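The values are calculated or read from the model by the stated rules, or taken from the named source; none is laboratory data. What you see is a predicted model, and the numbers here were worked out from it, not measured in a lab. Glycine gets a Cβ as well: all are built from the backbone with ideal geometry, and neighbour counts include every protein chain shown. The accessibility values were calculated without ligands, DNA or RNA, using every heavy atom of the protein model including side chains. Shrake-Rupley method; radii C 1.70, N 1.55, O 1.52, S 1.80 Å.
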Amino acid sequence: MQLIFMGPPGAGKGTQAQLLAALWKIPHISTGDILRACVVAKTALGEKAQAYMNAGELVPDQLLMDIVQERMNQPDASAGWILDGFPRTVPQAAFFDKLLCDVGGEGSASGKNCALRAVNLDVPDNVLVARLLSRGRQDDNEETIRRRLQVYREQTEPLIEFYRNREQLVVVDGDRAMELVTAELQQALSGDS
């Protein structure tokens, strides 16, 4: 099972990815968690990434691509995975398709990777702002949150069309109780496993 979880900040991607990864015994790969760990460890990558994150901007493609490529080459990812936070742009998605080919997946430049599914958790902006403010993270204030949502709409939403055109998109209403979202995800994806 190869899943990409998409959706704006606060949509519940990380929560749902953790629940399903544990259920299906596959790794949950979160670029956000990896980046935050780099920031805490004060690595060179972390310091570069922190400047972008503090401004509410996306971390540049090349930094994320390097992180993802390193993680995808680890043995536990060979049986499947849930990727959360990558790709965020169409160029990243094209890179990722090539990466799947390079690591022995069934990806192809023509988009015929039948195992890959892109899951979009759809949640209204006012709900997202309230959720993110309640998390209490240092980089979450209303101005930064609204900027992150704007950046998401501009740069990440084209991925929805990218995966829809490739018949790999699954859309789930993320503005419900966590258990209901999980149940719908299980039902929508179980036929693909």
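Over the chain, accessible surface divided per residue gives 49 Å², non-protein components excluded, 1.4 Å probe.
What is segment 20-104 by shape, rounded, prolate or oblate, if you read a ≥ b ≥ c off the alpha carbon gyration tensor as root eigenvalues and call it rounded for a/c under 1.5, prolate for a/b larger than b/c, and oblate otherwise? Note, shape of segment 20-104 comes out prolate. When the square roots of the Cα gyration tensor eigenvalues are ordered a ≥ b ≥ c, the ratio a/c for segment 109-191 is 1.5 or more and a/b does not exceed b/c, which makes its shape oblate.
Dimensions of the chain from C-alpha coordinates, computed as largest minus smallest value along each principal axis and given longest first, are 40, 38, 29 Å. Ranking Thr144, Thr43 by solvent-accessible area of protein heavy atoms (1.4 Å probe, all protein chains present), from largest to smallest, gives Thr43, Thr144.
Each Cα pair under 8 Å and six or more residues apart adds its separation to the average, and for the chain the resulting relative contact order is 32 percent. Going by a ≥ b ≥ c, the root eigenvalues of the Cα gyration tensor, does segment 28-72 fall in the rounded group (a/c under 1.5), the prolate group (a/b larger than b/c) or the oblate group? Because a/c hits 1.5 or more and a/b exceeds b/c, segment 28-72 counts as prolate.
When the charge dipole of the chain is built from unit charges on Cβ atoms (+1 for Lys and Arg, -1 for Asp and Glu) and taken about the Cα centre, the candidate among Pro27, Ile4, Gly46 whose Cα reaches farthest toward its positive end is Gly46.
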